[in-house]
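Novice: Can you keep this structure in mind? I'll have questions shortly.
The values are calculated or read from the model by the stated rules, or taken from the named source; none is laboratory data. Keep in mind it's a predicted model, so treat the numbers as computed, not measured. FYI the Cβ positions are ideal-geometry reconstructions off the backbone, even for glycines, and counts take in every protein chain you see.
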């Protein structure tokens, strides 16, 4: 895909509304330096230099959509605590709508990462993973259905914190299907029975193996896993993200795999939130008129760029444009279909 086509698709991103249903989280980063080992235990002593906060989980999907100049509408649950207040501040700063965020008497998910010399030392999670009450599910369904008519796409971002559950999905996914609005789903393996009806599923390779019972150890087994995903979820497309091996797109319409090598090999600083970037790009590109293969190419580029950044990150349209020419060369020479 050449630069002109990339710019044409990216230009059409502006204002495209996308609903994001999922687990709203806050990512806290504590940055510092290590010069000695603790005398109390064989662990490094981190001298803290600064602390930063970023939107995480489904909120990071929203942040990626906003950075690409789409119009994200996040829908999820937060607590009544300091973390939820900080999330609201970050959403407002990013000009992201907050009407779909429901407050409840439960802890907001907060992930704290301590980083020294570009290396993550440890992560601490504070969260509440109990199932949502029927009242909360009803509140989320109401706000979802209120915003659904204006949506160009729906993203379901499952981080297994309680929002993505059978009761809620069974009440909203059929409505999206009836409205002919595509649903893109980033899965958790043990919730697989909830995921119907959907349009696109985006597991990583390990998730694809567990969802299909297939060990992916070559092209034949990869193709088999792709076909099984399409059959199991009765979806139009399955995109398997494969880390340093790139991505593989499978479509029910032709039954063949379209394989993309990893974009612009570089030092991988941090894979945190890379899946959020991929699904945000995929949904927004399709909403902007890209073919599924074009959307996969852009998602592959976006994923390659974001893992070169440290911490939960987003990418801009200008970053994608600057890389489109080299990506086009790589796509032409390396991307291939297999029957």
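Novice: Would you confirm whether any residue within region 235-243 is at negative phi, assigned to a helix (DSSP H, G or I) and surrounded by 15 or more Cβ atoms within 10 Å (Cβ to Cβ)?
Specialist: So far as region 235-243 goes, no, none of its residues is at negative phi, assigned to a helix (DSSP H, G or I) and surrounded by 15 or more Cβ atoms within 10 Å (Cβ to Cβ).
Novice: Across region 195-213, what is the number of residues that are in contact with a strand residue (DSSP E or B) (Cβ under 9 Å, 6 or more places away or on another chain) and either crowded, with 17+ Cβ neighbours inside 10 Å or more than 21 Å from residue 172 (Cβ to Cβ) (or both)?
Specialist: So the answer is 12.
Novice: What are the residue pairs meeting all of these: first residue in region 73-102, first residue more than 22 Å from residue 165 (Cα to Cα), second residue part of a loop (DSSP other than H, G, I, E, B), Cβ atoms under 7 Å, and 6 or more apart or on different chains?
Specialist: Note: pairs meeting the criteria are 81/107; 81/108; 83/108; 87/108; 88/98; 91/98; 92/98.
Novice: Pairs please, first residue from region 190-213 and over 16 Å from residue 282 (Cβ atoms), second anywhere and assigned to a loop (DSSP other than H, G, I, E, B) and modelled with pLDDT under 95, Cβ atoms under 7 Å, 6+ apart in sequence or on different chains.
Specialist: What qualifies is 205/242.
Novice: Can you find, within region 214-232, the residue that is nearest to the chain's Cα centre (by Cα) among those that are surrounded by fewer than 21 Cβ atoms within 10 Å (Cβ to Cβ) and closer than 21 Å to residue 155 by Cβ?
Specialist: 230
Novice: Taking region 103-128 only, how many residues are more than 15 Å from residue 26 (Cα to Cα) and free of Cβ contacts under 8 Å to residues at least 60 places away in the same chain?
Specialist: 4
Novice: A further question on this structure: Can you list the helices (runs of 4 or more DSSP H) found entirely within region 58-173 that contain at least 3 residues being surrounded by fewer than 23 Cβ atoms within 10 Å (Cβ to Cβ) and in contact with a helix residue (DSSP H, G or I) (Cβ under 7 Å, 6 or more places away or on another chain)?
Specialist: Because the criterion is at least 3 residues that are surrounded by fewer than 23 Cβ atoms within 10 Å (Cβ to Cβ) and in contact with a helix residue (DSSP H, G or I) (Cβ under 7 Å, 6 or more places away or on another chain), the helices (runs of 4 or more DSSP H) in region 58-173 that meet it are 134-147.
Novice: Continuing with the same structure: Quick one: which residue in 40, 28 is part of a loop (DSSP other than H, G, I, E, B) and either under 30 Å from residue 117 (Cα atoms) or under 18 Å from the mean Cα position of the chain (by Cα) (or both)?
Specialist: Only one candidate passes the filter, namely 40.
Novice: Working only within region 56-67, note down all residues that are modelled with pLDDT of 95 or more and farther than 15 Å from residue 27 by Cβ.
Specialist: 65, 66, listed by residue number.
Novice: With the requirement that a residue be more than 17 Å from the chain's Cα centre (by Cα) and outside any helix (DSSP H, G or I), what does region 181-213 give you?
Specialist: Scanning region 181-213 gives 181, 196, 197, 213.
Novice: Among the residues of region 244-259, what is the count of those that are closer than 17 Å to residue 216 by Cβ, part of a loop (DSSP other than H, G, I, E, B) and over 20 Å from the mean Cα position of the chain (by Cα)?
Specialist: 1
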